[in-house]
Structures are given as C-alpha cells and as structure tokens.
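Remarks on the structure that follows.
Where a number appears in this text, it was derived from the coordinates with a stated rule and is not lab data. The structure presented is a predicted model; accordingly, all values stated were derived computationally and were not measured. Don't worry about glycine lacking a Cβ; one is built from the backbone with ideal geometry, like all the others, and counts go over all protein chains shown.
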Amino acid sequence: MKRSIMDRTILEAFAKDFVSVLDRQKITYIIVSGFVAIAHGRSRGTEDIDVILERMPKERFARLHAYLLKENFECVQAEPPEKLYTEYLSKGLAIRYFRKGSVLPEMEVKLAKDQLDEYQLETRKKLPFTDMDFYFSSVEMNIAFKEELLKSPKDIEDARHLRIIYEGKTDEKEIEKIKGEIRRLRLK
C-alpha cells in the first residue's frame, strides 16, 4: 500500500543511512526541497527526499551505485550504472533509491547541473534547528527556490514555514540574489 505521509523519524533514519554512504564515499551532497521544511517541524506529506550530488564522472558514479547496492539500497530504474548515468543523471534527470524490501521512502538523486547547483553545494550547511547531522542547502536557497521556481501551494507553505522559523536570521539580499540567478539560469 502506498502511503502519502511519511513520519519524520522514518525519513530521518532513511536519510541518515543514505547520507552515511555518501560520506564514506566522500561525495559532496545537499538535501533540498520538502524535507528541509519537514526537518524544521513542518507537518506535511512526502514520500521522498531530494538530494543533489556534486558532478562526477561516470566511473565514480558507478562505484557509488555499487556501494549503495552493497549497503542494501535498490535503484527504482534498475538499470546498469552506465545507463543510469548517461540516460538520466547526465541529462539532468533524477534516479531514485529505496531501501531493499521497502519501496518507501525514496531518495531522489540528481547531479549538480549548473552554477546555481554548484553554489548550493559551496554554501551547504548543517542547519542547527533540525538537530540532524546532514548537509542542507541554505535556508535562503530553499526559500528562493520555493518562492521563485517551484511555486506550488505546498512549496509556498514550506517557504513561509522557513521564514517563520528563521525570522530575523535570513539574508533577504541573498534570497533576492538567488531568485535572480533562478530567473537567469532556470526560467530563461
């Protein structure tokens, strides 16, 4: 049975397991989007966690993929790593991993695709209000993406939640700078 709402503790444990593989493989990553708001106490449904990885050659991805499989993760696409890389990741498309024996939650994995993703990776943070030892894209980055690019009702509420949590602690000039880059790079 497919569930639409995952408990934060289930998502957090899944993220911890997945991120530990990335850390052992010395892969730079950021967790982005909905899980950022959930990690800050927002109650809302999701079945996946979005992660952006540093750009890497096909061979390095193949090693990461093999290690993920060894650590009991499976890839939804169930393709050889070379095909996952050339048909999905190198084209800016996501691949999804889940824990063997349980189809939910999923980790939606993308490679950094442009200067904006590179900037997100360079400015990644461990966000103190989450009590989680993961790297997230900055609060400013999440707000900017949700308000400028994504714009669904759920995303607008996520941004509003983050603005409340970080009231007086966000850099509005940074948010506007990022929104400008989103318009330049993603909305052209």
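For the reader, a short list of remarks on this structure follows.
- Summing charges over neighbours of residue 109, with a neighbour being any other residue whose Cβ is under 9 Å away from its Cβ, gives 0 when K and R count +1 and D and E count -1.
- Euclidean distance between Cα centres, region 17-39 to region 146-178, Å: 20 Å
- Within the chain, percent of DSSP bridges classed antiparallel, to nearest 5: 65 percent
- Taking the convex hull of Cα positions in region 40-81, its mean projected area over all directions (nm²): 4.5 nm²
- Two-decimal log10 I(q)/I(0) for region 128-167, as the Debye equation yields it once each C-alpha is a single scatterer, q = 0.17 Å⁻¹: -0.44
- Helical contribution to [θ] at 222 nm, DSSP H n ≥ 4, -39,500 (n - 2.57), averaged over the chain, rounded to 500: -13500 deg cm²/dmol
- Cα extents of region 70-125 along the three principal axes, largest first (Å): 36, 27, 18
- Per-selection Rg to Rh, region 95-188 - Cα, Kirkwood hydrodynamic radius: 0.99
- Legend: helices of the chain (whole DSSP H runs) are marked when their alpha-carbon atoms reach 15 angstrom or more along the helix axis and their mean Kyte-Doolittle hydropathy is at least 0.0; marked are 8-24.
- Entries in 16/151; 26/177; 26/113; 146/173; 83/146 that, when Cα-Cα distance is taken, lie over 24 Å: 16/151; 26/177; 83/146
- The chain: translational diffusion in µm²/s, Stokes-Einstein, Kirkwood Rh over Cα pairs, 25 °C, 0.890 mPa s: 145 µm²/s
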